Amino acid sequence: MPFAQSKGAKLYYEETGSGHPVIFVHEFAGDCRSWEQQVRFFSRRYRCIVYNARGYPPSEVPTDGKLYSQDIATDDILAVLDHLQVPKAHVVGLSMGGFATLHFGLRHGARASCLVVAGCGYGAPKGDRERFQAEVAATADRFEKEGTRAVTLGYGVGPTRVQHQNKDPRGWAEFNAQLGEHSHIGSALTMRGVQAKRPSVYDLEAKLRKLTVPTLIVTGDEDEPCLDASLWMKRTIPSAGLWMAPRTGHNINLEEAQAFNDQLADFFAQVENGRWSLRDPRSLSKNILSLEKKPAKAKAKAG
């Protein structure tokens, strides 16, 4: 099995295809298998890289809680790219992976051709922080005491997962079965070290306003914890666009795989052809119908 060495853990990875690299960063309830529908589609034209986060076998499961954090999760992306000698890649992340992708753009932006930040926003609102952290702590305790399969019974049918179950019962069953195979220790430590302690996206406002890496924010319109944060990120990041899928929950890349792939393919093409620019400042006017003054059209490119 191929592994990339990162801080305190070896990370299992797979790569398929050739062309410009794309690295996919999975969510808490997923692993590298969660991106199979994307790898099969994009590996026809791209070098696709997937990996399992630390705590997700066959990646190593450190037992030291200090080896799980948002910064370390972000640097794990860099470790995989460095191991594979990839100078620059499209970086695609969902949920926990979306947070890592966003932080990667802020800390290692020169290594990202573009960012796809999907399903990002859980626990972000200031008013929800205490409740979110309490839920995370309780869930981590359950993983540790009851085991992954027991927790899966409720976690897989949460309010942002039932959309997938309703649309695609077989696909959802596969997702849920894979979730049940995860390490209970790795899941608990990831919950406590990454999920509970990561900063709110709203705390990153000053940095996000300076982010010029081409960015696509993605959310399902029934992924309630991510809706406001996604719209806020679109308004805050000058290089961001927003795609929202109707009647869709958190598992957006699985639930609406074709639409997700099509949106990413178009985004990648625009980036690669220099057609993804910063937001035209004229669109920020407080007027509704017309501009009182007509400033010169902005031509700055994202990147």
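Annotation note: Cβ proximity below 7 Å between a residue of segment 40-63 that is more than 26 Å from Gly19 (Cα to Cα) and a residue that is among the basic types (Lys, Arg) and outside any strand (DSSP E or B) (sequence gap 6+ or interchain) occurs for Glu60/Arg54; Pro62/Arg54. For segment 179-200, the set of residues classified as β-branched (Val, Ile, Thr) and either over 15 Å from Lys145 (Cα atoms) or within 17 Å of the chain's Cα centre (by Cα) (or both) consists of Thr190, Val194, listed by residue number. If only residues of segment 108-155 that are more than 18 Å from the chain's Cα centre (by Cα) and hydroxyl-bearing (Ser, Thr, Tyr) are counted, the one that is nearest to Arg198 (Cα to Cα) is Thr139.
Among the residues of segment 84-104, is any of a type outside the set (Phe, Trp, Tyr), more than 26 Å from Lys10 (Cβ to Cβ) and surrounded by fewer than 21 Cβ atoms within 10 Å (Cβ to Cβ)? No, every residue in segment 84-104 fails to be of a type outside the set (Phe, Trp, Tyr), more than 26 Å from Lys10 (Cβ to Cβ) and surrounded by fewer than 21 Cβ atoms within 10 Å (Cβ to Cβ).
Of all the criteria given as (1) part of a helix (DSSP H, G or I); (2) within 25 Å of Thr248 (Cα to Cα); (3) among the hydrophobic types (A, V, I, L, M, F, W, C), the one not satisfied by Ile185 is (2).
Only one entry of Val218, Val194 meets the criterion of being under 16 Å from His103 (Cβ atoms) and either of a type in the set (A, V, I, L, M, F, W, C) or assigned to a helix (DSSP H, G or I) (or both), and that entry is Val194. For Val91, the stated conditions do not hold, so it cannot be described as without any contact (Cβ under 8 Å) to a residue 60 or more places away in the chain and touching a Cys at 6+ places or on another chain (Cβ under 9 Å). Screening Arg47 on (1) out of contact with any Phe, Trp or Tyr (no Cβ under 9 Å at 6 or more places or on another chain); (2) under 17 Å from Gly193 (Cβ atoms) shows it passes everything except condition (2). State which residue pairs qualify: first residue free of Cβ contacts under 8 Å to residues at least 24 places away in the same chain and inside segment 265-287, second residue assigned to a helix (DSSP H, G or I) and hydrophobic (A, V, I, L, M, F, W, C) in any location, beta carbons under 9 Å apart, and separation of 6 or more residues or different chains. Going by the 9 Å Cβ cut-off, the qualifying pairs are Arg275/Ala269.
When segment 223-257 is filtered for residues that are charged (D, E, K, R) and either modelled with pLDDT under 95 or under 19 Å from Met96 (Cβ atoms) (or both), the ones remaining, listed by number, are Asp223, Glu224, Asp228, Glu255.
With a requirement of 3 or more residues that are more than 15 Å from the chain's Cα centre (by Cα), the strands (runs of 3 or more DSSP E) lying completely within segment 1-100 that satisfy it span 3-6, 9-16. One residue stands out among those in segment 178-218 that are small (Gly, Ala, Ser), in contact with a Gly (Cβ under 9 Å, 6 or more places away or on another chain) and surrounded by fewer than 21 Cβ atoms within 10 Å (Cβ to Cβ): the one that is nearest to Ser277 (Cα to Cα), which is Ser200. Residues that are in contact with a helix residue (DSSP H, G or I) (Cβ under 6 Å, 6 or more places away or on another chain) and surrounded by 20 or more Cβ atoms within 10 Å (Cβ to Cβ) occur at least once in segment 274-291. Residues of segment 219-245 that are surrounded by 21 or more Cβ atoms within 10 Å (Cβ to Cβ) and charged (D, E, K, R): Asp223 alone.
Against the numbered list (1) touching a strand residue (DSSP E or B) at 6+ places or on another chain (Cβ under 7 Å); (2) surrounded by fewer than 18 Cβ atoms within 10 Å (Cβ to Cβ); (3) of a type in the set (Phe, Trp, Tyr), Phe268 comes up short only at (2).
The values are calculated or read from the model by the stated rules, or taken from the named source; none is laboratory data. Bear in mind that the values here come from a model prediction, so they are computed numbers and not experimental data. Neighbour counts run over all protein chains shown; Cβ positions are idealised from the backbone, glycine included.
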